[in-house]
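The values are calculated or read from the model by the stated rules, or taken from the named source; none is laboratory data. As the structure is a prediction and not an experimental result, all values here were calculated from the model. FYI the Cβ positions are ideal-geometry reconstructions off the backbone, even for glycines, and counts take in every protein chain you see. Side chains are part of the model used for accessible areas, which takes the heavy atoms of the whole protein and leaves out ligands, DNA and RNA. Shrake-Rupley method; radii C 1.70, N 1.55, O 1.52, S 1.80 Å.
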Amino acid sequence: MSQLHRLEARLQRLIEEGTARLFSTHDTKAVLASQLIEAMQAEVQFAGGDRLQAPGTYTILAHPEHASGLRANASLLDELGGALRHAAAESGIAMAGELVLHVAPQDGLAEGEFRVRAAGVGESLSTTQSLDADASATGAEVQIPVGAFLIVAGSEVVPLTHAIINIGRKNDNQLVIEHPQVSRRHAQLRAIGGHYHFFDLGSTGGTRINGAEARSAILLAGDVIQLAGVVPLIYGQDAATSKAQETQEINTSANSVK
């Protein structure tokens, strides 16, 4: 079982033991766990190189009556915070500052319904996924590899034409993979220095590149990426356009040293 799966199970147990008196149905006891995990994963960002960072502040919005009970249960909030810190560390994700969990009332939420807002990390993946091809979240000049593409599951050819490409099960990813073992936000491609860099975003199923477990890698033509061990992606570049790009890079370098 992956670290995030273990985290979800622990959160569900903590909620069941610590807040059972707040709920009238069993199903609502698991809602907060999934909301916290989703908030952490959705707001991960890159903090230089291939280092991943998650927000340090989480606000749990709940029905006013339930919010009062949750806010009073300090030991439960401490345990939830500890579990989130541990899960982030095991996934190679750093927290932005001290982890803080807030509970706030919000009218209009039904019994057992929660909303979680994360803050304290700057530009998140949900923001950077909409950047245009000429945008650069790292501050460096973006050069998109010419003629790059992915072959998905051995049949579908997907051209890669953006500086940032998010991959996962959620519909707002640029490349949506509808498979239950693929995480909602599984991975990301970033154009850096004329090459696509691959980053696993702390996915539950993990990623293998050319048979080896990988969190990050610079992609080369022919590399085989396996998401959660079940969905193969083959990275490629059109030979003619790739050669033209290399020639242009050489000429640019030569001109710069004259």
What's the FRET efficiency of Ile151 with Glu90 using the Cβ-Cβ distance as r and R₀ = 30 Å, to the nearest 0.05?
-> 0.40
First compute the accessible area of segment 53-126 with a 1.4 Å probe, then give the percent of it belonging to carbon and sulfur atoms.
-> 46
Ala221-Val176 FRET efficiency (beta carbon distance; Förster radius 22 Å; 0.05 resolution) | 0.40
Determine the sum of side-chain charges near Asp172: Lys and Arg each +1, Asp and Glu each -1, restricted to other residues whose C-beta is under 12 angstrom from that of Asp172.
-> +4
Protection proxy ranking of 152-159, 53-60 - average other beta-carbon atoms within 10 Å, highest first | 53-60, 152-159
If each of Glu38 and Asp238 carries a label point 7 Å out from its Cα toward its Cβ, how far apart are those two points in nm?
-> 3.9
